[in-house]
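The values are calculated or read from the model by the stated rules, or taken from the named source; none is laboratory data. Just so it is clear, the structure is predicted and the values come from calculations on it, not from any experiment. Cβ sites come from the backbone with ideal geometry, for glycine too, and all protein chains shown count toward neighbours.
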Amino acid sequence: MTEPDPTRVVIDCDTGVDDAMAILYGLLAPGVDVVGLTCVWGNCAVELATANTLRLLEVADRPGIPVAMGAARSMLGPAPTYAGGVHGLDGQGNTGLPPPTLLPARQSAAELIVELAHRHPNELTLVPVGPLTNIAAALLLDPSIARLYKRCVLMGGSFLVPGNASKFGEANVWHDPEAAQIVFDAGWPLTAVGLDVTHKVRLTQELLDELRESGSPAAVHLHRITDLYMTRYAARWGKRECAMHDALALGIAEDPTIATHAPTVRVDVELTGTHTRGMTVGDFRGRAPAENANCVVPLEVDGDRFVDRWASVIRSQAG
């Protein structure tokens, strides 16, 4: 029985700790082919996100993949604020890692997103796991990419659960609601992997320690950068385990069957509400017109199966 072709992806990231979990998985998984990486502001400044991403290519020994730097702030919102208390001021747990030796591509993130769509029409899945500013910019630059990407699987939104950046807003959508609405309106096959499921899929300290002992460079790196992230989640959940937000989105992009309950509904982003700006509003009514639906929203996932697969891939680098 032949193995299926790998899922070819472009990952748009604001590389903090959970982004690193996703990117290293993508770089090492036989079922994923990372064609390009684009970087955006969010967990940290875009310059740091770009450096962190280039460093991950070095950890995985995949230096040939283009990495492009993109937006430094939202389309219309205020000056950016970053998640230094969660991901560290450097986006990598305040670990003070050395600068990467690799350099970013010359084109912008939006330009690379457009270029890769035309170079590989109907072959690529776009996986945004940060604020959606780069994706909106690419759509404004060339709306045809919504027909050229096979689908878009983003990490973002909170539908039937509270937000994390505000009472109702999940960070990636809340940081740039206008950009998010452009992405939801683009007309492409879209999946939004939100807090409804990402908070259920967790990496434990015990598993992280076990992976480090394997000697895998990816596992050693992740163990090093995750201490602060684990500590913040421990304060919230009472035990040292953390959400694998971005890795789960990439996992569902690779294997949609990980999502065991995922209705297709109409999703819009609240742009004007005093208390609800940045909220993802999904119409889950059974009587909602099917023709208006624009997004698959996973509400239940096989988290254990994904974590086992993720750990096996990270461990595999030990040889």
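Odds and ends about this structure:
- The range 106-202 holds no strands (runs of 3 or more DSSP E) entirely within its bounds that carry 3 or more residues that are surrounded by fewer than 23 Cβ atoms within 10 Å (Cβ to Cβ) and in contact (Cβ under 8 Å) with a residue 12 or more places away in the chain.
- The numbered conditions (1) in contact (Cβ under 8 Å) with a residue 60 or more places away in the chain; (2) crowded, with 21+ Cβ neighbours inside 10 Å are all true for Leu76 except (2).
- Residue match in the range 53-68 (condition: in contact with a Phe, Trp or Tyr (Cβ under 7 Å, 6 or more places away or on another chain) and either β-branched (Val, Ile, Thr) or within 22 Å of Ala171 (Cβ to Cβ) (or both)): no
- Taking the criterion of being surrounded by fewer than 24 Cβ atoms within 10 Å (Cβ to Cβ), part of a loop (DSSP other than H, G, I, E, B) and not aliphatic (A, V, I, L, M), the residues of the range 9-43 that qualify are Pro30, Gly31.
- Every residue from the range 261-288 that is of a type outside the set (Lys, Arg) and not in a loop (DSSP other than H, G, I, E, B): His261, Thr264, Val265, Val267, Asp268, Val269, Met279, Thr280, Val281, Gly282, Asp283
- Contacts under 6 angstrom Cβ, first residue in the range 293-316 being free of Cβ contacts under 8 Å to residues at least 40 places away in the same chain, partner not β-branched (Val, Ile, Thr), 6 or more apart: Ala293/Arg266
- Qualifying residue in the range 303-312 (condition: surrounded by 14 or more Cβ atoms within 10 Å (Cβ to Cβ), assigned to a loop (DSSP other than H, G, I, E, B) and at pLDDT 95 or above): no
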